[in-house]
1. Accessible area per residue, 1.4 Å probe, Å², for the chain: what's the number?
2. Using the alpha-carbon atoms, what tilt in degrees (0 to 90, nearest 10) does helix 126-139 show relative to the longest principal axis of the chain?
3. Where in the range 100-130 does the label zone of Ala244 land, with the point 7 angstrom along Cα→C-beta and an amide N cut-off under 20 Å?
4. Nearest 5 percent is fine: what portion of the DSSP beta bridges confined to the range 176-295 is antiparallel?
5. Please enumerate, by chain and number, the lysines with C-alpha under 20 Å from the C-alpha of Lys223, excluding those fewer than 8 residues away in the same chain.
6. Filter the GluC sites (Glu not before Pro) in the range 245-339 to those in DSSP coil with at most 10 other Cβ atoms within 10 Å of their Cβ, and list the result.
7. With an 8 Å cut-off on Cα pairs and a minimum separation of 6 or more residues, tell me the relative contact order of the chain in percent.
8. Within the chain, what whole-number % of the accessible surface is contributed by carbon and sulfur, with the 1.4 Å probe and all protein chains included in the calculation?
Amino acid sequence: MRTRDECVAADQADVLAPLKAQFSLPPGVLYLDGNSLGAKPRAADARAQAVVGEQWGQGLIRSWNSAGWFDLPARLGAKLAPLLGVPGQEVVVTDSTSLNLFKVLAAALRLQGSRRVIVSERDNFPTDLYMIEGMMDFLDRGYELRLIDEQLSLADALDDRVAAVVLSHVNYRSGAMYDMAAVSAQAHAHGALIIWDLAHAAGAVPLALAADGADFAVGCTYKYLNGGPGSPAFLWVAPRHQNAFWQPLSGWWSHKRPFAMSDRYEPAEGIRRYLCGTQPITSLALVECGLDIAAQADMAEVRRKSLALGDLFIELVRTRCAAHPLTLITPQAHVRRGSHVSFRHPEGYAVMQALIARGVIGDYREPEVLRFGLTPLYLGYADVWDAVEILREVLDTRAWDQPAFRERAAVT
Ligand SMILES: *Cc1c(COP(=O)(O)O)cnc(C)c1O
């Protein structure tokens, strides 16, 4: 697509374009940060009103049964499961990605007996590394964290002491994507278990956890799944591991009979064993609005469009912003790319602030990285065209070169 008109024509032919009407986005905003916080489904307002006004306000405590609050983690898990490529009864929506990682890592380490090495990636999202470190410190049994990076390949990191491999399927910074089947098989060949963090993958790329041999998976619902700020995360455990051990956050929601009020813990069978305690129902309920939109989209079509938007973005930056020091850090090969594209720029932070001031909302990640999320459910080709034009204007005019754009906010 070499002109804006061609982009408009592509939008008119786009089978996913009608889904945009199910989101409410503020006028004048080009939203390229759905990989960090998804846009608001229109249905969320009425759902929030129903949960707060009717279910809480009128139903009061009866709503645990009558409004289905108690079953919500499993019911939403079943709705999400097709996007992960697993049966409905194998997923729960609960707690945060960080907490869920703790649970599945604990289970994986228990399954692995005396193996004492955990492999992850230096470039992984920090919370994954921090949770692993916290687990190692807490267990105090001589665990070692081995990080793959430019010096150490996964092949070299794997040996028969590795208990678990913890990787993000799509890298939060670069957008690079692993071949889940190949990497899972590689870990298994050394007897290691594989835990996938799907925070930047779920809802963005087709997933087949069961077919690809994954052991455990966790991820966010507030990114590409449009669940709302801080909405509870999801957790999947391969059925072959589900009942092998209990996870250590063994709160009453994971009990076999929570309302027996027994003085002894007995884990529930199946994925309910991975719950902990009472959930934030207001936030959890809104997850369904995002999942209901995702269910209307053909995931193969979402992937096709996501890659096309990415190709367009990369090509427009290459041709129209050629005079500027932007370095693509996202793999161009489709099999290696998730659904966002990232560029380094020496003044990345200020450039992003100048873009945001003009309504082009992406985000900034250290070091020097401008990150642009491409969400096929509510972004079109002309949006990409317009966003790159504004980027070009910001760079050509050095509009970013102002003290106000260099001031760091708490959240970048
Ligand atoms: C966003 C993200 C998280 C966030 O975890 P929270 O517990 O929800 O704060 C975790 N892992 C990855 C890879 C992420 O991108």
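The values are calculated or read from the model by the stated rules, or taken from the named source; none is laboratory data. Quick caveat: nothing in here was measured; it's all calculated off a predicted structure. Virtual Cβ from ideal backbone geometry, glycine too; neighbours counted across all protein chains shown. Protein only, heavy atoms only, side chains kept; ligands, DNA and RNA dropped before computing areas. Shrake-Rupley method; radii C 1.70, N 1.55, O 1.52, S 1.80 Å.
1. Normalised by residue count, the accessible surface of the chain is 42 Å².
2. Taking Cα atoms only, the helix is inclined about 20 degrees.
3. Taking a point 7 Å out along Cα→Cβ of Ala244, the residues of the range 100-130 whose backbone N falls under 20 Å are 100-120.
4. The answer is about 60 percent antiparallel.
5. Result set, ordered by chain and number: Lys20, Lys40, Lys79, Lys305.
6. Loop-located and lightly packed - Glu269.
7. Reported as a whole number, the value is 22 percent.
8. 55
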